[in-house]
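Everything on this sheet refers to the single structure shown next.
The values are calculated or read from the model by the stated rules, or taken from the named source; none is laboratory data. The structure presented is a predicted model; accordingly, all values stated were derived computationally and were not measured. Positions of Cβ are backbone-derived with ideal geometry, glycine not excepted, and every protein chain shown enters the neighbour counts. Each accessible area value is taken on the protein alone, full model and side chains, heavy atoms only, with ligands, DNA and RNA left out. Shrake-Rupley method; radii C 1.70, N 1.55, O 1.52, S 1.80 Å.
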Amino acid sequence: MTVWYNVGMKTLIAPSILSADFADMGNEVKNMSDVGADWIHVDVMDGVFVPNLTFGFKMIKDLRPLSQLFFDVHLMINQPKRYVKRFVESGADLVSFHYEAEEDIDGTIEVIKSAGCQCGLAINPDTDVQKIAPFISKLDLILIMTVFPGFGGQKFIDGSLERIGTAARLRDKYAKNAVVEVDGGVTTLNAKSIVKNGANVLVAGNAVFGAADRAQAIRELRGE
Ligand code: DX5
Ligand code: ZN
């Protein structure tokens, strides 16, 4: 069973497979259930919107049968409207795309929702959080980037806690059921303050895949 967030639930942890061993991806994804992950965060990069490349539809389609966990697909690609339906068909449970990468935001949300998928909107650290206010009522998730997208293992940008708080307040105003997800530089040391400022879902690449004990890292990120 895939897990979606319900109000009042514990903080969800979404390990990013960007930090997994790409040569052993199937086992890495299977391992996420064993160590107590809630979601799998799947970073898709096109080498244009961000200066890095990862993978696309086929990887998601081939990983899909290996896990029951919720597939949280984060598209870091230009003009995502062209491709979102194919990501849904490949097995995404939720597709997030970037505010900065698409002119037709309403149209892209519509394609994702009408394909029967949940939808998130991501914003870069230098985009004013208020800019996404007009779209929030249609969203299931607001993705606040706390590093510039492209690479795992970067440092959480100072000042991001305030942005998370702003996103949480906008959510409370426009879409009570939407969740706030935080992505980039999340560690067992800063997780508590991120959650305190309103985050519901924590993406963690290095903090989980780089941990000697992944299960313990996930428990600590969750504040257990
Ligand atoms: C960055 C990606 C993140 C990244 C997070 O472009 O969107 O999901 O994998 O990695 P950590 O948690 O190591 O910062
Ligand atoms: Zn991501």
Please return the longest stretch of the chain lacking exposed loop sites, where trypsin sites (Lys or Arg not before Pro) count only if DSSP places them in a loop and at most 16 other Cβ atoms lie within 10 Å. 11-154
Charge dipole (debye, nearest 20) of the range 1-45; +1 at Cβ of Lys and Arg, -1 at Cβ of Asp and Glu: 220
Along the charge dipole of the chain, pointing to its positive end and built from +1/-1 on Cβ of Lys, Arg, Asp and Glu, which listed residue (M59, Q216, A199) has its Cα farthest out? A199
Per-residue [θ]222 nm for the chain (sum of -39500 (n - 2.57) over DSSP H runs n ≥ 4, rounded to 500): -8500 deg cm²/dmol
Measuring from the lowest to the highest alpha carbon on each principal axis, how far does the range 47-139 reach, largest first, in angstroms? 38, 30, 22
Considering only protein heavy atoms, what is the solvent-accessible area of V44 at a probe of 1.4 Å, reported in Å² to the nearest 10? 10
Rounded percent of accessible protein surface that carbon and sulfur make up, the range 1-74, 1.4 Å probe: 55
Going by Cα centres, the range 88-111 and the range 20-79 are how many Å apart? 16
Taking Cα pairs under 8 Å and at least six residues apart, what relative contact order does the chain come out at, in percent? 20
Heavy-atom accessible area per residue, the range 145-207, 1.4 Å probe: how many Å²? 47
Between Q130 and E100, how many nm apart are label points set 7 Å from Cα along the C-beta direction? 2.0
Rounded, prolate or oblate: which one fits the chain, using the alpha carbon gyration tensor with axes a ≥ b ≥ c (rounded when a/c is under 1.5, else prolate when a/b beats b/c, else oblate)? rounded
Leaving out ligands, DNA and RNA, and with a 1.4 Å probe, what % of the accessible surface on the range 97-224 is carbon or sulfur? 48
May I ask which residue of S19, V179, G91 lies farthest towards the positive end of the charge dipole of the chain, with charges of +1 (Lys, Arg) and -1 (Asp, Glu) on Cβ and the Cα centre as origin? V179
How high is the relative contact order of the range 45-171? Use alpha-carbon pairs under 8 Å, at least six apart in sequence, and give a whole percent. 20
Under a point-charge model restricted to the Cβ atoms of Lys and Arg (+1) and Asp and Glu (-1), what is the dipole moment magnitude of the range 98-220 relative to its Cα centre, in debye to the nearest 20? 580
Tell me, in nm to one decimal, what length is gained between N52 and M9 on full extension, where the rule is 0.36 nm per residue of separation less the Cα-Cα distance? 12.1 nm
Treating only the Cβ of Lys, Arg, Asp and Glu as charged (+1, +1, -1, -1), what charge dipole size does the chain show about its Cα centre? Round to the nearest 20 debye. 480
Which pairs in the list K61/K138; K113/K173; K61/K192; K81/K196; K85/K192; K10/K131 are over 32 Å apart, alpha-carbon to alpha-carbon? K61/K192; K81/K196; K85/K192
